[in-house]
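Structure first, then comments.
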Amino acid sequence: MTPETPLPGPGPVDPAGAAALLAGARDVLVVGHVRPDADAAGSAIALATALRRAGTGAAVAFGGPDPVPHMVTVLDPDGIVVPAADAPADPDVLVCCDISSAPRIGDLGDRLDRARVSLAIDHHASFTGFATHHLVDPAAPATVLLVRDVLVALGAEVDAVIARALFAGLYTDTGGFRWGGADALRLGAELVEAGAEPRELMRELTGTRPFAWLAAQATVLAGARREPDAAGGAGLVWAAVDPATATRFRDHTPGLVGQLLATAGDGVAALLTETAPGEWSVSLRGTGSPDLSRAATALGGGGHPAAAGFERTGTRDGILDLLRAELAGAAQVCGTSPEVHPRDTRVR
Ligand code: AMP
Ligand code: MN
Ligand code: MN
């Protein structure tokens with residue numbers, strides 16, 4: 001990017017346009033979605049780190065819940081992540097990474113109105129267009145690929161901190177390079193060369209668990225149920241996590257949905273986590289058909305065809321009933337849907 005790059009007007013921007021907005025910023029607050037995953041956190045940390053190295057005031061924050069997951073601290077050796085309460089109140093530019101809709105900014109949602117410019121960098125098909133400027137590509141397997149394009153446009157050097165943050169998001173959102181094809185693998189190789197050591201990084205992120213997790217996990221999985229007739233006959237495998245387990249093992253329970261999916265055949269897996277009494281966070285995984293983003297969006301959430309989620313207040317059985325109804329509806333339309341797209345095979 002050159003300093004002469006004109007500042008883009010509101011609406012869609014390309015990576016050079018996004019870089020121009022950031023290069024001219026007084027200070028930047030970068031946020032990822034609530035309950036950040038490695039794509040949200042890695043995107044935000046990589047971008048803010050590059051901006052700070054270039055002399056722009058930059059911080060990262062997440063709109064809840066506190067404290068941030070262990071994964072975030074692993075990716076943040078420089079302490080660029082601040083608690084939501086300490087996030088700048090009036091940032092010049094707000095960047096929203098991996099966020100498909102304004103409510104997913106959580107407790108920091110007021111910054112959207114206060115910032116002079118808001119820039120969404122995202123890859124959800126369900127992106128709602130909530131920011132003043134958008135760099136959004138639903139065909140990208142992870143938001144970190146879009147952030148990488150912005151870093152290239154900024155002329156930023158990818159050091160080991162940035163490489164590890166990007167690699168974590170890339171690895172996670174592509175299901176360990178199962179999705180994303182050669183582009184993802186090529187970026188992965190570049191990031192390894194830039195200092196992201198996969199074995200060490202993945203061990204730090206998810207490779208170690210407390211011993212007590214074995215028994216807790218066994219209890220959750222022993223309660224799993226299979227409903228072969230659900231989702232239009234594709235089937236549903238679900239399990240529920242109680243509030244005590246959800247709190248004590250909050251860094252470990254999200255991965256259980258993958259274990260459910262492995263037993264679901266071509267059907268759907270659902271992990272229902274009761275984060276506080278009567279408050280549920282539901283993770284859905286499948287093959288892309290039926291379209292889980294459709295079912296999740298109908299229930300107040302969103303996501304991708306093969307990976308989606310929603311949050312809801314109620315009882316476990318009430319939420320299961322809502323989910324069964326939406327999955328049956330989504331299964332009905334998917335047979336006749338004209339849209340067949342490569343992204344349907346992507347995980348997040
Ligand atoms: P998760 O099961 O939390 O890993 O989320 C799977 C996918 O669904 C990710 O792309 C999330 O960004 C998306 N997602 C999860 N929960 C929500 C929600 N409440 N609203 C919108 N998207 C969501
Ligand atoms: Mn995400
Ligand atoms: Mn993502």
If residue 36 meets every condition in (1) surrounded by fewer than 24 Cβ atoms within 10 Å (Cβ to Cβ); (2) in a loop (DSSP other than H, G, I, E, B); (3) of a type outside the set (Asp, Glu); (4) in the same structural domain as residue 102 (by TED's automatic domain parsing) apart from one, which number is that one?
(1)
Here's a check for you: in segment 51-76, which residue that is among the hydrophobic types (A, V, I, L, M, F, W, C), surrounded by fewer than 24 Cβ atoms within 10 Å (Cβ to Cβ) and touching a residue at least 40 places away in the same chain (Cβ under 8 Å) is nearest to ligand 1 (Cβ to nearest atom)?
71
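Okay, residues lined up against (1) in the same structural domain as residue 73 (by TED's automatic domain parsing); (2) of a type in the set (S, T, N, Q); (3) under 21 Å from residue 33 (Cα atoms):
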{"residue": "233", "(1), (2), (3)": "no, no, no"}
{"residue": "240", "(1), (2), (3)": "no, no, no"}
{"residue": "246", "(1), (2), (3)": "no, no, yes"}
{"residue": "260", "(1), (2), (3)": "no, no, no"}
{"residue": "263", "(1), (2), (3)": "no, yes, no"}
{"residue": "285", "(1), (2), (3)": "no, no, yes"}
{"residue": "289", "(1), (2), (3)": "no, yes, no"}
{"residue": "295", "(1), (2), (3)": "no, no, yes"}
{"residue": "305", "(1), (2), (3)": "no, no, yes"}
Scanning segment 129-178 for residues that are touching a residue at least 12 places away in the same chain (Cβ under 8 Å), over 20 Å from residue 14 (Cβ atoms) and within 16 Å of ligand 3 (Cβ to nearest atom) gives 165, 167, 168, 169, 170, 171, 172, 173, 174, 175, 178
Considering every residue within segment 49-56, establish whether at least one is within 15 Å of residue 169 (Cβ to Cβ), modelled with pLDDT of 95 or more and polar (S, T, N, Q).
yes
Number of the condition not met by residue 48 [criteria: (1) touching a helix residue (DSSP H, G or I) at 6+ places or on another chain (Cβ under 8 Å); (2) open to solvent by less than 10 Å² (accessible area, probe 1.4 Å)]
(1)
Only one of (1) touching a Pro at 6+ places or on another chain (Cβ under 6 Å); (2) of a type in the set (A, V, I, L, M, F, W, C); (3) under 29 Å from residue 200 (Cβ atoms) does not apply to residue 115, and that is (3)
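The values are calculated or read from the model by the stated rules, or taken from the named source; none is laboratory data. What you see is a predicted model, and the numbers here were worked out from it, not measured in a lab. Cβ coordinates were reconstructed from backbone atoms using ideal geometry, including for glycine residues, and neighbour counts include every protein chain displayed. Calculation scope for accessible area: heavy atoms of the full protein, side chains included, ligands and nucleic acids excluded. Shrake-Rupley method; radii C 1.70, N 1.55, O 1.52, S 1.80 Å.
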